[in-house]
Amino acid sequence: MSQQTIHDGIGVVPPGRPRSSPRRPAPVFVGPRAAFTLVELLVVISVIALLLAMLLPSLKRAREQARGVVCLSNLRQMTVAAHSYAHSHRDRYPIAYYMQLTPVFVSYAWDFTTSKDWSTDPPTNKVVPGLLWEGEGMEKVHQCPSFHGGHNWLADPYTGYNYNTSYIGHGSAEAIKQPAKMAEVRNPGRTALFGDGQYSAGANKFMRAPWANPGDAQFWGRFAGTQGYRHLNRTNVAFCDGHAEPWGQRCTETYPHEKVRIAPGTGFLSPDNSLYDLE
């Protein structure tokens with residue numbers, strides 16, 4: 001009988017010899033992992049704090065830039081609505097405001113119409129989209145995402161924007177009551193229509209030019225019709241041609257008794273009336 005060999009995966013095993021099991025490496029015992037020292041922990045915490053200090057301003061700026069984009073979108077929607085209104089009303093923009101006193105008090109304004117019923121106890125307010133929207137629209141468009149102050153007009157649910165009242169919207173208590181026509185605006189790309197309204201007491205929704213003009217010759221309170229430069233030191237403006245853009249020039253030139261009341265971070269779009277008038 002011939003001699004046979006057996007392969008066990010390691011070498012050749014002669015017949016009759018017990019097969020050996022594969023050799024395994026001897027276990028290696030590792031001692032307990034050393035903990036971080038106090039100095040190492042303080043270094044890690046300092047590095048994390050430094051990174052946060054570097055990143056937070058960038059994140060804050062990015063958030064404000066995003067709010068500014070939303071604000072510009074809101075303003076563009078208003079200009080589309082204003083053009084649509086004018087096309088349906090013999091080329092005239094909506095009037096900025098007028099009042100109806102009886103039988104129920106109704107305040108008609110370009111953004112919201114508010115009725116107040118004094119026959120109930122307590123008196124009740126009803127607020128609907130204003131003249132710009134002809135009673136139907138998206139009220140939240142009137143809230144600037146970067147404005148957190150209050151309104152100063154009856155019971156407006158959203159606020160933050162104003163409308164060129166000196167030259168475009170006019171109103172029932174203005175020197176010129178009837179609103180302007182689109183065709184009267186000679187330079188629509190540089191005539192402000194809507195913007196970020198703001199003054200010391202909140203958001204005034206009636207934009208005012210810095211100097212007297214035929215539309216509001218006897219008006220006092222121009223400091224309340226200023227713009228809020230709340231988007232990284234810029235203010236958003238929508239112009240009569242339909243485009244909206246951030247505006248960096250902040251002017252405080254006006255009559256001395258008005259100038260002293262202009263709030264920090266607010267101002268007019270131009271040192272004269274050139275960005276407000278129809279020229």
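The values are calculated or read from the model by the stated rules, or taken from the named source; none is laboratory data. All values reported here derive from a predicted model rather than from experimental measurement. FYI the Cβ positions are ideal-geometry reconstructions off the backbone, even for glycines, and counts take in every protein chain you see.
Brief remarks follow.
- Restricting the stretch 168-207 to residues that are touching a Lys or Arg at 6+ places or on another chain (Cβ under 7 Å) and of a type in the set (D, E, K, R) leaves a set whose member that is farthest from Tyr229 (Cα to Cα) is Lys181.
- Total residues in the stretch 232-248, condition more than 21 Å from Gly265 (Cα to Cα), among the hydrophobic types (A, V, I, L, M, F, W, C) and in a loop (DSSP other than H, G, I, E, B): 1
- Total residues in the stretch 92-115, condition surrounded by fewer than 17 Cβ atoms within 10 Å (Cβ to Cβ) and either among the charged types (D, E, K, R) or under 17 Å from Ala173 (Cα atoms) (or both): 6
- Restricting attention to the stretch 35-65, the residues that are farther than 30 Å from Asn233 by Cβ, modelled with pLDDT of 80 or more and not aliphatic (A, V, I, L, M) add up to 2.
- Among (1) assigned to a loop (DSSP other than H, G, I, E, B); (2) polar (S, T, N, Q); (3) surrounded by fewer than 22 Cβ atoms within 10 Å (Cβ to Cβ) - the single one Thr159 does not satisfy: (3)
- In the set Thr235, Thr226, Thr252, only one residue is β-branched (Val, Ile, Thr) and surrounded by fewer than 18 Cβ atoms within 10 Å (Cβ to Cβ); that residue is Thr252.
- Within the stretch 129-156, being touching a Pro at 6+ places or on another chain (Cβ under 7 Å), in a loop (DSSP other than H, G, I, E, B) and touching a residue at least 12 places away in the same chain (Cβ under 8 Å) holds for Gly135, Gly137.
- Residues in the stretch 224-253 that are at negative phi and polar (S, T, N, Q): Thr226, Gln227, Thr235, Asn236, Gln249, Thr252.
- Lone unmet requirement of (1) over 23 Å from the mean Cα position of the chain (by Cα); (2) surrounded by 20 or more Cβ atoms within 10 Å (Cβ to Cβ); (3) not charged (D, E, K, R) for Ala175: (2)
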